[in-house]
Amino acid sequence: MRKLALSLTLLFATILSALAEGFAGDKILGDYWVNHGSEKSKVRFTKIGENAYRAQVIWLEKMKDDKGNIRRDPKNPDPSKRNIPADQMVLIDKVSYKDGEWAEGEIYDPTRGRSFTVCIWFKDDETLCVKGSWGPFSQKIYWPKVK
């Protein structure tokens with residue numbers, strides 16, 4: 001009887017721990033400002049699975065190019081994504097939460113048409129630190145939460 005009670009207690013603790021980890025990961029959900037050079041945009045983090053998150057552009061300051069055409073993603077290595085309007089691009093995909101960080105996904109840089117590994121954490125309660133890496137090289141950028 002004691003073994004059963006101990007087993008049930010451990011099972012319950014494991015389930016609660018997994019639920020708490022999932023809820024902690026949801027802290028990233030919401031909208032953030034992105035300043036990349038002279039480009040200003042807004043991205044929205046959404047949950048795409050049990051412990052998976054994505055950031056998609058929802059607003060772009062300069063939505064049209066110099067000719068008045070809607071900006072697209074001509075440098076994307078995937079030809080099927082080159083005609084997606086710039087305000088619908090996925091910038092961060094398939095990150096998962098563990099131990100205070102979101103990682104194991106990719107960040108896409110449309111100005112270069114390249115993807116990099118990404119690690120994300122909160123610098124403070126209102127600011128994400130987004131670190132893109134390629135081999136030994138990395139760059140950190142900060143995305144403040146939209147208020």
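The values are calculated or read from the model by the stated rules, or taken from the named source; none is laboratory data. Only a predicted model underlies this, so the values are computations on that prediction, with no experimental measurement involved. Positions of Cβ are generated from backbone atoms using ideal geometry, with glycine treated the same way; all protein chains shown enter the neighbour counts. SASA here: full protein model, heavy atoms, side chains in, ligands and nucleic acids out. Shrake-Rupley method; radii C 1.70, N 1.55, O 1.52, S 1.80 Å.
Here are a few things to note about the model shown:
This table checks each residue for (1) farther than 18 Å from C129 by Cα; (2) surrounded by 15 or more Cβ atoms within 10 Å (Cβ to Cβ).
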residue	(1), (2)
H36	no, no
R44	no, yes
E50	yes, no
R54	no, yes
D73	yes, yes
P77	yes, no
S80	yes, no
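- Residue in the stretch 32-45 that is over 22 Å from F122 (Cα atoms) and either within 11 Å of the chain's Cα centre (by Cα) or not acidic (D, E) (or both) present: yes
- Boolean, K131 is out of contact with any Leu (no Cβ under 6 Å at 6 or more places or on another chain), of a type in the set (K, R) and within 18 Å of F45 (Cα to Cα): yes
- Those strands (runs of 3 or more DSSP E) of the stretch 86-130 in which at least 2 residues are more than 12 Å from Q56 (Cα to Cα) and touching a helix residue (DSSP H, G or I) at 6+ places or on another chain (Cβ under 8 Å), considering only elements entirely within it, cover 90-98, 114-124.
- Of all residues in the stretch 16-25 being open to solvent by 20 Å² or more (accessible area, probe 1.4 Å) and in contact with a Phe, Trp or Tyr (Cβ under 8 Å, 6 or more places away or on another chain), the one that is modelled with the highest pLDDT: A24
- Within the stretch 57-71, if we keep just the residues that are under 12 Å from K42 (Cα atoms), of a type outside the set (D, E) and open to solvent by 80 Å² or more (accessible area, probe 1.4 Å), the residue that is modelled with the highest pLDDT turns out to be W59.
- Across the stretch 134-147, the number of residues qualifying as under 18 Å from P77 (Cβ atoms) and either modelled with pLDDT of 95 or more or touching a His at 6+ places or on another chain (Cβ under 9 Å) (or both) comes to 0.
- Subset of the stretch 105-125 that is among the acidic types (D, E) and modelled with pLDDT of 95 or more - its residue that is nearest to S41 (Cα to Cα): E106
- Yes/no for I84 being at pLDDT 95 or above and either open to solvent by 30 Å² or more (accessible area, probe 1.4 Å) or within 19 Å of N35 (Cα to Cα) (or both): no
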